[in-house]
1. Could you grab me the full set of residues in segment 116-151 that are farther than 17 Å from Tyr84 by Cα, out of contact with any Asp or Glu (no Cβ under 6 Å at 6 or more places or on another chain), surrounded by fewer than 22 Cβ atoms within 10 Å (Cβ to Cβ) and among the hydroxyl-bearing types (Ser, Thr, Tyr)?
2. Can you tell me which residues in segment 88-139 are at negative phi, of a type outside the set (A, V, I, L, M) and free of Cβ contacts under 8 Å to residues at least 24 places away in the same chain?
3. Return a yes/no flag: does segment 198-205 have any residue that is in contact with a strand residue (DSSP E or B) (Cβ under 7 Å, 6 or more places away or on another chain), among the hydrophobic types (A, V, I, L, M, F, W, C) and crowded, with 16+ Cβ neighbours inside 10 Å.
4. Tell me which of these Arg18 doesn't satisfy, since it passes every other one: (1) surrounded by fewer than 20 Cβ atoms within 10 Å (Cβ to Cβ); (2) modelled with pLDDT of 90 or more.
5. Name every residue in segment 199-218 that is assigned to a helix (DSSP H, G or I) and in contact (Cβ under 8 Å) with a residue 60 or more places away in the chain, in order of residue number.
6. Please identify the pairs in which a residue from segment 246-260 that is in a helix (DSSP H, G or I) has its Cβ atom under 8 Å from the Cβ atom of a residue that is of a type in the set (Gly, Ala, Ser), counting only partners at least 6 apart or on another chain.
7. Condition first: in contact (Cβ under 8 Å) with a residue 40 or more places away in the chain and open to solvent by 70 Å² or more (accessible area, probe 1.4 Å). Now tell me which residues in segment 56-86 satisfy that.
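The values are calculated or read from the model by the stated rules, or taken from the named source; none is laboratory data. Everything numeric in this text was worked out from a predicted model, so none of it was measured. Backbone-built Cβ (ideal geometry, glycine too); neighbour counts: all protein chains shown. Surface accessibility is based on the protein's heavy atoms, side chains included, excluding ligands, DNA and RNA. Shrake-Rupley method; radii C 1.70, N 1.55, O 1.52, S 1.80 Å.
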Amino acid sequence: MNRYVFNNLKLKYTNNCRDLGGIKTSDGRTVRKKFFIRGTTLSRLSKDDIDFLKNECRLSTIIDLRCKKEIDENPNVLIEGVKYYELPLSTESVLGISHEKKVHTLKTLKMMPPMEDLYRKLVSDECLENLSTIMKTILTLPDERYSVFFHCSVGKDRTGIVAALILAFLGVDRKKIMDDYLFTNQNVRIKAFFAYIGIFILRWNPRFSSKIQHSMLAEKEFLENAFDEIEDEFGSIDSFFEKKIKITPQMKKKLYDKFLE
């Protein structure tokens with residue numbers, strides 16, 4: 001059975017959620033299940049969903065990567081006994097990334113920069129400082145605070161970058177990291193297609209319609225640009241964790257022992 005189908009969590013009102021456990025690292029080990037879960041907004045959880053996350057997935061921590069306005073407009077369901085962090089990757093609205101009301105209009109979307117540029121923005125300057133805090137928090141929670149569920153609005157861009165960096169830190173090769181990132185398209189492709197049709201009917205502009213459709217998908221070039229930006233700044237992803245997150249070789253070994261089997 002395909003690894004991604006097996007670990008795609010089936011929640012009633014929430015999609016694009018999956019456990020990163022089960023992915024093989026370059027040295028033959030495997031990411032343990034019930035440690036890192038990537039997903040989307042938890043604003044419509046049913047009681048069965050909550051029971052499943054707490055009992056089957058061992059949910060103990062939620063990290064919300066959205067900006068404050070997104071959270072205010074569409075707050076998560078609060079789950080008893082689960083610690084909740086608001087750690088926005090970008091504190092401000094980012095056209096094409098964040099999902100506040102009145103941000104994504106046909107008028108504003110015409111001004112949306114290329115997604116490749118937006119992914120670079122998400123791992124540089126102020127966002128880089130926020131990213132460092134997010135990564136250190138996720139990797140150094142107390143043992144009893146796993147699993148950790150991290151999410152943005154759709155579970156594609158901000159969540160995709162964080163998931164990719166977790167896997168890179170744990171020694172997963174770039175091909176498998178990209179496979180996980182691109183699997184999001186299984187959950188967003190239909191919505192992106194209907195967005196294309198709707199905008200095409202309204203504006204009769206295939207180029208603009210295609211631009212919006214592609215912005216709603218996970219594409220290889222987007223994530224590659226995020227990696228390139230980090231590697232341009234630090235030399236390598238490993239160096240990013242050593243220099244920016246302050247993960248020492250001793251810490252890394254302990255974290256590998258905890259998160260890998």
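1. Hit for segment 116-151 is Ser132, nothing else.
2. The first filter runs over segment 88-139 and keeps only residues at negative phi, leaving 88-95, 97-101, 103-124, 126-139.
Filter once more, so that each one left must be of a type outside the set (A, V, I, L, M): 88, 90-93, 98-101, 104-105, 107-108, 110, 113-114, 116-117, 119-121, 124, 126-127, 129-130, 132-133, 136-137.
Scanning segment 88-139 gives His104, Thr105, Lys107, Thr108, Pro113, Pro114, Glu129.
3. Here is the first cut: in segment 198-205, the residues in contact with a strand residue (DSSP E or B) (Cβ under 7 Å, 6 or more places away or on another chain) are none.
For segment 198-205, residues in contact with a strand residue (DSSP E or B) (Cβ under 7 Å, 6 or more places away or on another chain), among the hydrophobic types (A, V, I, L, M, F, W, C) and crowded, with 16+ Cβ neighbours inside 10 Å: absent.
4. Arg18 satisfies all of (1) surrounded by fewer than 20 Cβ atoms within 10 Å (Cβ to Cβ); (2) modelled with pLDDT of 90 or more except (1).
5. As a first pass, look at segment 199-218 and keep what is assigned to a helix (DSSP H, G or I): 199-203, 206-215.
Ile199, Leu202, Arg203, Phe208, Lys211, Ile212, His214, Ser215 - these are the residues of segment 199-218 that are assigned to a helix (DSSP H, G or I) and in contact (Cβ under 8 Å) with a residue 60 or more places away in the chain.
6. Partner pairs satisfying both residue conditions: Tyr256/Gly171.
7. Going residue by residue through segment 56-86, those that are in contact (Cβ under 8 Å) with a residue 40 or more places away in the chain are 57-66, 70, 74, 83, 85.
Result: Arg58, Lys83.
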